[in-house]
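Data first, discussion second: the structure below is written as structure tokens.
Bear in mind these aren't lab numbers, they're just calculated from the coordinates by the rules spelled out. The structure displayed is predicted, hence computed values, not measured ones. Cβ: placed from backbone, ideal geometry, glycine included. Neighbour counts: every protein chain shown.
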Amino acid sequence: MRVLSGIQPSGRLHIGNFFGAMRQHLKLQADHDCFYFIADYHALTSNPSPADVAKHTLDVTMDYIALGLNTEKTVFWRQSNVPEVTEFTWLLSCVTPMGLLQRCTSFKDKVAQGMSPNHGLFAYPVLQAADILIYNSNLVPVGADQKQHIEVTRDIAIRFNNAYGEILTVPKEYIIESVAVVPGTDGRKMSKSYGNTIEMFEPEKTVKKKIMRIVTDSTPVEKPKDPDKCNVFALLKLVASTDELAQWENRYRSGGMGYSEVKKRLAELMIDYFKPFREKRTELENNADYVKKVLAAGAERAKSVAAKTLAKARYAVGLRG
Ligand code: ADP
Ligand code: TRP
């Protein structure tokens, strides 16, 4: 089963990305043929600074390797190193009805948040469909926010096949992340765009500081508290053992516990959770050549698959000269 997913290089990854997406990506490596890439063409839709595009691509790659990317088995590359995907996007664009893209809520949401509605942003789902279809993917593990884009991909693949013959693999299923949304330090969804993130590999001191500042209600120490409404508890669930979690739940409900106490423990657990990977991350920072080599080898493997699908599609639509 070919599993494929793309990750936008929009900064260093945070624990919401890890528990919501990366952890599943890394787990799937054991039993599947995984293709993961850094979606740098997609990132251009928000007009980032050129220096950031390059830097963030390396940062995301280092995060993935440090956290357990199997560089031998899994194909990991930078989207723009396989430019075949942009030509393929054009072939798909020509069977994609405008209405299909006009219905995409992610475009509307991004514009509502103030992003400039450039053509790239509008056509974003076609490039995403090309990413998925050019590598003959079967499964696309993404968060719930991407569900519509996978449906659009299926629709485009079916239209292309109806017009030109059974060329493309229609991705059969998608996995919606089962983890609940990870809250950020202000209680909203943890997201780079809200500035409320905790990164896996930021200095331990900063992790602690951020955790101590997580927004809670103002129930006095002696009063019982509801763990299900607490941002600190939601994060604790991700890193505490079942036994320890049950103990904290009791302490919440019986009163006499201050939030700073549970925050301190959360900081310890969070730091411990990522400790084994931190050393590897530092090692990689001092070995940029190795990181670039991983990307180059991945691009070569990805390209050999992409070139075949593109050649078939070109022929099918009549580009035969
Ligand atoms: P951000 O909101 O920080 O820009 P992205 O939209 O780039 O993050 O998300 C990349 C992946 O991480 C997606 O698959 C998304 O579902 C997942 N993800 C991001 N933030 C969270 C969160 N707070 N909780 C759970 N999953 C998340
Ligand atoms: N749009 C995805 C996101 O924002 C990133 C992405 C680009 C992707 N191409 C993809 C995800 C192909 C899955 C498959 O998270």
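For the chain, set up a Gaussian network in which alpha carbons nearer than 10 Å are linked by springs, and say which option among Lys147, Lys208, Lys229 fluctuates the most.
Residue with maximal mean-square fluctuation among Lys147, Lys208, Lys229: Lys229.
May I ask you to derive the relative contact order of the chain, considering only C-alpha pairs under 8 Å and at least 6 residues apart, and to give it as an integer percent?
The normalised contact order for the chain reaches 23 percent.
Just want to confirm a number: the relative contact order over region 46-158, from Cα pairs under 8 angstrom separated by 6+ residues, in percent.
Computed over region 46-158, the figure is 29 percent.
Given a 10 angstrom Cα cut-off, can you work out which residue in Ala157, Ala30, Ala21 is the most mobile in a GNM of the chain?
In this elastic network of the chain, the residue with the biggest mean-square fluctuation among Ala157, Ala30, Ala21 is Ala30.
Multiply the residue separation of Glu202 and Asn70 by 0.36 nm, subtract the distance between their alpha-carbon atoms, and state the gained length in nm to one decimal.
Taking Glu202 through Asn70 to full extension adds about 45.2 nm, to one decimal.
Among the lysines, which have Cα under 22 Å from the Cα of Lys27 when same-chain residues fewer than 8 positions away are ignored?
Answer for Lys27, where 22 Å is the Cα cut-off: Lys73, Lys147, Lys172, Lys237, Lys275, Lys280, listed by chain and number.
If you find the alpha carbon centre of region 247-300 and of region 76-111, how far apart are they in angstrom?
34 Å
Find the relative contact order for region 192-282 and round it to a whole percent, using C-alpha pairs within less than 8 Å whose residues are 6+ positions apart. Before the final figure, lay out each step's value.
On the way: 75 pairs, mean separation 33.4, N = 91.
About 37 percent, as a whole number.
Would you mind calculating the gained length between Tyr273 and Arg213 on full extension (0.36 nm times residue separation, minus the Cα-Cα distance), in nm to one decimal? Provide the component values of the computation, followed by the final result.
Working: separation 60, 0.36 × 60 = 21.60 nm, distance 1.97 nm.
Full extension from Tyr273 to Arg213 adds 19.6 nm.
Once R0 is set to 35 Å, what does the formula 1/(1 + (r/R0)^6) return for the Cβ-Cβ distance between Asp31 and Ser116, expressed as a FRET efficiency to the nearest 0.05?
With R0 = 35 Å, the Cβ-Cβ based efficiency is 0.25.
Quick one: Debye curve from the C-alpha atoms of region 192-282, no solvent, what's log10 I(q)/I(0) at q = 0.18 Å⁻¹?
-0.81
Can you give me the distance in nm between label points at Lys293 and Gln247, each placed 7 Å from the Cα along the Cα-to-Cβ direction?
4.5 nm
Which residue fluctuates the most in the chain, going by a Gaussian network model with Cα springs under 10 Å, if the choices are Ser218, Ser80, Ser46?
Among Ser218, Ser80, Ser46, the largest GNM mean-square fluctuation belongs to Ser218.
Which value at 222 nm does the chain reach when only helices count, each DSSP H run of 4 or more adding -39,500 (n - 2.57), with the total divided by all residues and rounded to the nearest 500 deg cm²/dmol? Walk me through the numbers before you get to the answer.
On the way: 13 runs with 173 residues, N = 321.
Helices in the chain give a 222 nm mean residue ellipticity of -17000 deg cm²/dmol.
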